[in-house]
Structures are given as structure tokens and as C-alpha cells.
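Participant: Below you will find the structure I want to go over with you.
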Amino acid sequence: MRETRRGFMMAVAAVAGVLTAEKGWPLAQYPPTPPPPPQPAEIPNPAEIRSNQHASSAAKRVALRQNEKEFREGVERLFQLTSELRDEVRKTTTTEVLSVRMVKKTEEIEKLSKMLKSKAKGG
């Protein structure tokens, strides 16, 4: 009885193996299809490129004018702050400790000068 069961189980395993192999075997013959190539980017019209250059140069000019205006205003503010600080230092005696107001004003001058430096570099 054991021999017949063993034979039956081996036959079932062989049939299962063949069926499994037959399902996988045709797939091995045909490799998976690769994804489609990416679509090329749309090439703009040369007339549009020329008109965009004029628009971009106009935008750059506007940005440069705005940057120059801000720079000039910053320089005026820096001059005002340094003049105020100079007057305040002249009024105080050298033996006294610097006031908190003077320290804050110097910090503000330093911050403004760094901003002006970055604007002068074009940043």
C-alpha cells in the first residue's frame, strides 16, 4: 500500500512540475517588453525664442533698476545710522560704558552693510 501511495504522490508531483514548467517555459522564450522611449521635448519656434530674449532682457533691466534703487536707499539709511551713531558717541563720555542703544545701532549698521554688500555683488 505504501508503494502505491508513494508512486501516486510521485506521479502527482511530476505532473505538477510539468504543468508549472510549461507555464513558465513559454514566458522564458519571450523577454519582457522594454518601456517606450521618452518623448522628445517640444522644440520652440525660433521666432518665439527671439521674442523671449527681448522679454527676458527687459525683465532683467527692470530687476537691475529695482536692485539699484534698493541699494541707493540702503546707502542713505546707512549714512543716516552712522551719523546718528557718531553724534551719540560724541555726546557720551569715554569713561562711561556704551549704552544698549549704541550697541543695537551698531548691529543694525552691520546688518545693513552686509545686505548692501550682497546687493553690490549682484546677489
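The values are calculated or read from the model by the stated rules, or taken from the named source; none is laboratory data. For clarity, every value in this text was computed on a predicted model and none was experimentally measured. Heavy atoms of the whole protein, side chains included, go into the accessibility calculation; ligands, DNA and RNA do not. Shrake-Rupley method; radii C 1.70, N 1.55, O 1.52, S 1.80 Å.
Participant: Return yes when E68 is open to solvent by less than 100 Å² (accessible area, probe 1.4 Å) and modelled with pLDDT of 70 or more and no when it is not. It would help to see each step written out before you state the result.
Facilitator: On the way: open to solvent by less than 100 Å² (accessible area, probe 1.4 Å): yes; modelled with pLDDT of 70 or more: yes.
For E68, the condition - open to solvent by less than 100 Å² (accessible area, probe 1.4 Å) and modelled with pLDDT of 70 or more - is met.
Participant: Would you be able to say whether some residue in segment 33-40 is open to solvent by 60 Å² or more (accessible area, probe 1.4 Å) and at pLDDT below 70? Don't jump to the end; show me each part of the working.
Facilitator: The initial filter retains those residues of segment 33-40 that are open to solvent by 60 Å² or more (accessible area, probe 1.4 Å), namely 33-40.
Imposing the further condition that a residue be at pLDDT below 70 reduces the set to 40.
Checked segment 33-40: at least one residue is open to solvent by 60 Å² or more (accessible area, probe 1.4 Å) and at pLDDT below 70.
Participant: Could you please let me know if A55 is open to solvent by less than 100 Å² (accessible area, probe 1.4 Å), outside any helix (DSSP H, G or I) and modelled with pLDDT under 75?
Facilitator: Values: open to solvent by less than 100 Å² (accessible area, probe 1.4 Å): yes; outside any helix (DSSP H, G or I): no; modelled with pLDDT under 75: yes.
Here the answer is no, as A55 does not meet what is asked.
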